[in-house]
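The values are calculated or read from the model by the stated rules, or taken from the named source; none is laboratory data. Note that the structure is a prediction, hence the values are computed from the model and not measured. Don't worry about glycine lacking a Cβ; one is built from the backbone with ideal geometry, like all the others, and counts go over all protein chains shown. With ligands, DNA and RNA removed, areas are computed over all heavy atoms of the protein, side chains included. Shrake-Rupley method; radii C 1.70, N 1.55, O 1.52, S 1.80 Å.
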Amino acid sequence: MRALADEFALDLAPGEDNALADSLKDWPAFEETPGCLRVLQSRYTIGVLSNIDDDLFAQSRPKLGVVPGLLVTAQQVQSYKPGRAHFDEALRRLD
């Protein structure tokens, strides 16, 4: 947040450095997502490969309507997509 504010010459109020991450808990899932994931989960393992940390995903997960059978986060692999680390780890876990 600080880097973006600096890049665009914006002033952040005190405590706003984490505003984007702090807002994640309030982001809704797309309306169709929970129902679609439940249908898919009846036949397949749901996997999430995410560019966020475990604690941030934990705030979003209840909105998905399912518990994924596979979760690979940026925190776990110390990398961000589109790098290969998420995909390599998912394949390793799925054997």
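Taking the stretch 39-55 as the range and being of a type in the set (Ser, Thr, Tyr) and surrounded by 10 or more Cβ atoms within 10 Å (Cβ to Cβ) as the test, the residues that pass are 44, 45, 50. If the condition is being assigned to a helix (DSSP H, G or I), open to solvent by 70 Å² or more (accessible area, probe 1.4 Å) and in contact with an Asp or Glu (Cβ under 9 Å, 6 or more places away or on another chain), then the stretch 1-10 contributes only 2. Residues in the stretch 11-38 that are open to solvent by less than 100 Å² (accessible area, probe 1.4 Å) and at pLDDT 90 or above were compared, and the one that is nearest to residue 91 (Cα to Cα) is 37. Within the set 76, 41, the sole residue that is under 26 Å from residue 1 (Cα atoms), modelled with pLDDT of 95 or more and out of contact with any Lys or Arg (no Cβ under 7 Å at 6 or more places or on another chain) turns out to be 76. On the basis of being over 26 Å from residue 85 (Cβ atoms) and surrounded by 12 or more Cβ atoms within 10 Å (Cβ to Cβ), does residue 58 make the cut? Spelling it out, it is not the case that residue 58 is over 26 Å from residue 85 (Cβ atoms) and surrounded by 12 or more Cβ atoms within 10 Å (Cβ to Cβ). Remark: pairs (first residue in the stretch 36-47, of a type in the set (Val, Ile, Thr); second residue surrounded by 14 or more Cβ atoms within 10 Å (Cβ to Cβ); Cβ separation under 9 Å; 6+ apart in sequence or on different chains) = 45/68; 46/37; 46/64; 46/66; 46/68.
Residue count for the stretch 69-85 under the criterion of being touching a residue at least 12 places away in the same chain (Cβ under 8 Å), surrounded by 14 or more Cβ atoms within 10 Å (Cβ to Cβ) and outside any loop (DSSP other than H, G, I, E, B): the result is 7.
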